[in-house]
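**Q** If you scroll down you'll find the structure; I have some questions about it.
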Amino acid sequence: MQYLLLIYENEAKREARVGEEQAAYMAGYHQFTKDIIAAGAFRAGDALHPTSTATSVRVRDGETLVTDGPFAETREQLGGYYLVEAEDLDQAIDIARRIPTASCGTIEVRPIMDYAKAT
Amino acid sequence: MPPPSPAADALTRTLREHHATLMAALGRATRGDLILAEDALQQTALAALEQWGDQGVPDRPVHWLLRVGRNKLHDRHRRSATHDRHAPALTDQLDQPQAPSEQALAQMLDDATIPDERLRLLCACCHPALALEARVALTLRVVGGLTTDEIARLCLVEPPTMAQRIVRAKRKIRDAGVPYAVPPIAELPARVAGVMHVLYLIFTEGYAASGGDRQVRGELCTEAVRLGAILADLLPTDGEVLGLLSLMLLQDARRHTRTDADGGLVLLEDQDRQRWSRRKIVAGMDTLGAALKCGPPGPYTLQAAIASVHARALRASDTDWHEIALLYDILDKASPSPIVRLNGAVAWAMAEGPASGLRRLDPLDTEPSLHRSHLLPAARSALLLQMNRHAEAAAACQEALERVGNAPERRLLEARLQQCLYPGS
C-alpha cells in the first residue's frame with residue numbers, strides 16, 4: 001500500500017528555528033530521507049512553502065470559490081509530505097514516527113486510494 | 001421481532017458461542033478483511049435460518065456455518081475475479097473450487113481455535129489507530145458476537161450511533177491497511193491498555209448481560225478469562241494484565257451463584273458461598289499476589305483486591321467493608337469514575353450505615369454518564385429503604401425501573417418496589 005505522511009508543524013516555531021538548531025534539524029531530515037530510500041519505502045517527498053502562500057479551492061453549486069490561506073485554521077500547518085510504500089498501517093506509522101517533526105508537530109498518515117482495488 | 005423458532009434459537013446460540021472462532025477462520029481466509037468476512041457470516045446466518053427451519057438443525061452447526069460461509073466467500077471471490085483482475089486474493093484454502101471435505105473444515109476450525117488466531121483478530125479490533133470506543137465496539141461485535149443494540153446499551157450510547165461507529169471502524173481497518181497480525185512483542189505493551197479495556201467489557205457483558213433474560217452469559221466470561229490468560233502469558237511482568245486476569249477470575253468464581261433457579265439475580269450477600277469456585281479463587285488470589293509484586297497497583301489490580309476481600313469472607317457478615325470502602329477511595333484516585341464513586345458509596349453504607357452512603361450518592365446526580373443508567377436510582381432506593389424512607393425509596397425504585405434493560409435486575413427492583421409500597425407485608 002502507499003501512504004501519504006503529512007507533516008504538520010507550527011510555522012511560527014519553524015521560522016524561529018535558525019542557525020545551528022536549524023542545521024541539526026535538517027540533518028535529521030537528510031538522514032531520515034536517506035534511510036527510507038535505502039529501505040525502498042520512499043516514493044516522493046517535498047517540503048511546502050508556508051501556509052501564507054496557500055490557496056484553498058472549493059466548488060459549491062457549480063461555482064468555484066477560491067480563498068486565500070489553508071483549508072483549516074489550526075495551530076499546526078501542513079509543512080511537507082512523504083509518499084511512502086508500506087506493507088500495512090503499522091509499517092507506515094513506524095516510518096512516520098521517525099520523521100523529525102513527529103517529535104514537535106503531527107504527522108498525519110493517510111492511505112492512498114487505490115482505484116483499481118476500490119469496488 | 002420474528003417469533004422464536006428452534007432454528008433461530010440454535011442459530012443465535014451457535015453464533016454467540018462460536019463467533020470469535022468463525023470470524024477468525026473467515027478473517028484469515030479474507031486476509032483480514034473483516035467486512036468481507038462478516039458479510040459472508042451474515043449471509044450464512046440468513047441461509048441457516050431458512051434451511052435449518054425447513055430441514056432441521058444440522059448435527060454440527062458450527063461446521064455447517066463455516067462450510068457455507070467459506071462457500072459464500074468463494075462465490076463472491078469468483079464473481080469479482082471475473083470482473084476485476086485486481087480482486088484481492090483469498091488464502092489458498094479458499095482458492096480451491098471444490099467443496100471442502102469434513103476433514104478440511106475440521107482443520108480450519110482447529111486453526112481458528114489456536115490462541116494466536118483469535119489474538120490476531122483481537123489485535124486488529126484493538127488497533128490504536130482506531131478510537132478506543134471503536135475498538136470496544138468492534139471487539140464486542142466481531143470477537144464477542146454481540147448485537148449492535150446490546151453493545152449500544154453496554155456503552156451507554158444510542159443504537160444508530162453505535163451502528164455507525166462499527167461500520168466506520170471496519171472501513172478504517174480495510175482502507176487504512178490495519179494489519180491482521182499479532183504485533184511484535186516490543187509493541188505489545190502499547191496495545192495492552194486498549195485490549196484490556198475491551199476484554200473487561202466483554203467479561204462484564206458475560207457477567208451481567210445488558211439485555212434479555214440471560215443474567216449470566218457464561219461463555220463470554222470464559223472467553224474473556226481465556227484471552228486474559230493469553231495476554232498474561234505474553235506479558236508476565238505487566239501488573240495490570242495480571243490484575244485484570246485476577247479480577248476476572250475472582251468475579252468468575254461467583255458467577256454460578258449470581259442467579260437462582262428461576263434466573264433471578266442473587267445479591268452478593270445472599271449468595272451461597274459454598275458454591276463459589278475455590279479453584280478460581282485460588283488462581284485469582286495467586287495472580288493478584290503476582291500482580292502486586294509488579295509495582296504500584298493500577299485500577300484493575302485494585303479492583304481485584306476489592307474482589308479478594310469478598311472472596312476471603314466465608315460468610316457475608318465477615319466482609320471487611322471498611323477495607324473495601326478504602327480500596328474504592330484509592331481506586332477513585334487512581335482512575336476517577338462516577339461508577340467507582342457509586343460503588344464506593346455503597347461500600348461506605350455497608351461500613352458506616354446507609355446515611356453515609358446516601359451522602360456520597362448525592363453529588364453523582366450531576367454525572368451525565370449516569371443519566372441513562374438505572375444504577376444510581378437503584379442504589380439510592382436500597383439505602384432509602386434501609387432508612388425506612390419508603391416514599392422516596394419507591395420513587396427512586398420507579399426511576400430505576402424506567403431505565404433498567406435486564407430482566408433479572410428488573411425483577412429485583414420490582415420486588416423492592418413492593419417492599420417500599422407495602423412495608424408491612
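None of the figures in this text is laboratory data; all of them are computed from the coordinates on show. This is a predicted model, so every value here is computed, not measured. Note that we place each Cβ from the backbone using ideal geometry, even for glycine, and neighbour counts take in every protein chain shown.
**Q** When a/c reaches 1.5 or more, the comparison of a/b and b/c decides; with that in mind, is the range A:2-111 rounded, prolate or oblate per its Cα gyration tensor? Could the numbers behind the result be given before it?
**A** Numbers: a/c = 2.41, a/b = 1.31, b/c = 1.84.
Oblate, since a/c reaches 1.5 and b/c is not below a/b.
**Q** For B:Ile281, A:Ile95, which order do you get if you count the other beta carbons within 10 Å of each Cβ and list the fewest first?
**A** Ascending number of Cβ neighbours within 10 Å: B:Ile281, A:Ile95.
**Q** Could you tell me the largest-minus-smallest coordinate of the C-alpha atoms of the range B:232-360 on each of the three principal axes, in descending order and whole angstroms?
**A** Result, largest extent first: 43, 36, 24 Å.
**Q** Rounded to the nearest 500, what is chain B's calculated 222 nm mean residue ellipticity when only DSSP H runs of at least 4 contribute -39500 (n - 2.57) each, over all residues? All intermediate terms of the calculation are to be shown ahead of the outcome.
**A** Numbers: 20 runs with 285 residues, N = 425.
Computed ellipticity for chain B at 222 nm equals -21500 deg cm²/dmol.
**Q** For the range B:239-379, what does the relative contact order come out to in percent, with C-alpha contacts under 8 Å and a separation of six or more? Kindly include the intermediate steps, with their values, before the conclusion.
**A** Numbers: 188 pairs, mean separation 29.8, N = 141.
For the range B:239-379, the relative contact order is 21 percent.
**Q** Compute the relative contact order of chain B as a whole-number percentage, counting only Cα pairs closer than 8 Å that sit 6 or more residues apart in sequence.
**A** Details: 584 pairs, mean separation 44.8, N = 425.
Relative contact order, chain B: 11 percent.
**Q** Rounding to the nearest 10 and keeping the result within 0 to 90°, find how far the Cα-based axis of helix B:390-403 lies from the longest principal axis of chain B.
**A** Roughly 10 degrees, rounded to the nearest 10.
**Q** Using the Karplus equation 6.51 cos²θ - 1.76 cosθ + 1.60 (θ = phi - 60°), what ³J(HN,Hα) coupling, rounded to whole Hz, does each residue of the range B:134-142 give in order, writing x for Gly and Pro?
**A** In residue order, the calculated couplings are 6, 4, 4, 4, 5, 5, 5, 6, 7 Hz.
**Q** Follow-up question, since we're still on this one. I'd like the Kirkwood hydrodynamic radius of chain B, using the inverse of the mean 1/r over distinct C-alpha pairs, in Å.
**A** Details: mean 1/r = 0.0429 Å⁻¹.
About 23.3 Å, per the Kirkwood formula over Cα pairs.
**Q** Across chain B, where is the longest run that never hits trypsin sites (Lys or Arg not before Pro) in a DSSP loop with at most 14 other C-beta atoms within 10 Å? Numbers along the way, then the final one.
**A** On the way: sites that count: B:Arg31, B:Arg85, B:Lys293, B:Arg315, B:Arg372.
Free of exposed loop sites, the longest segment is B:86-292.
**Q** Determine ³J(HN,Hα), in whole Hz, for all residues of the range B:224-230 in sequence, where each value follows from phi through the Karplus function 6.51 cos²θ - 1.76 cosθ + 1.60 and θ = phi - 60°; x replaces Gly and Pro.
**A** The phi angles translate into 5, 5, 4, 5, x, 5, 5 Hz.
**Q** Same structure again: Across the Cα atoms of the protein assembly as shown, what radius of gyration and what greatest pairwise Cα-Cα distance (Dmax) are found, in Å?
**A** Taking only Cα atoms of the protein assembly as shown, I get Rg and Dmax of 27.4, 87 Å.
**Q** If the reach is capped at under 22 angstrom between alpha carbons, list the lysines near B:Lys333, excluding any in the same chain fewer than eight residues apart.
**A** Once the sequence-local lysines are set aside, what remains near B:Lys333 is B:Lys293.
**Q** Show me the three semi-axes of the equivalent ellipsoid for the range B:374-425, from the C-alpha gyration tensor (sqrt of 5 times each eigenvalue), largest first, rounded to whole Å.
**A** Equivalent-ellipsoid dimensions as semi-axes: 17, 11, 8 Å.
**Q** What angle, in degrees between 0 and 90 and rounded to the nearest 10, separates the Cα long axis of helix B:338-352 from the longest principal axis of the Cα atoms of chain B?
**A** Between the helix axis and the principal axis of chain B, the angle is about 30 degrees.
**Q** With the convex hull built on the Cα atoms of the range B:155-206, state its orientation-averaged projected area in nm².
**A** Values: hull surface 19.0 nm².
Spelled out: convex hull of the Cα atoms, projected over all directions, averaged, 4.7 nm².
**Q** Longest span of chain A, sites excluded, free of trypsin sites (Lys or Arg not before Pro) in DSSP loop with at most 16 other C-beta atoms within 10 Å? Spell out each step's value before the answer.
**A** Working: sites that count: A:Arg17, A:Arg75, A:Arg97, A:Arg98, A:Lys117.
In chain A, the maximal stretch lacking such sites is A:18-74.
**Q** Determine which lysines satisfy two conditions relative to B:Lys72: a Cα distance under 28 Å, and not lying fewer than 8 residues away in the same chain.
**A** Leaving aside lysines fewer than 8 places away in the same chain, those within reach of B:Lys72 are A:Lys117, B:Lys170, B:Lys172.
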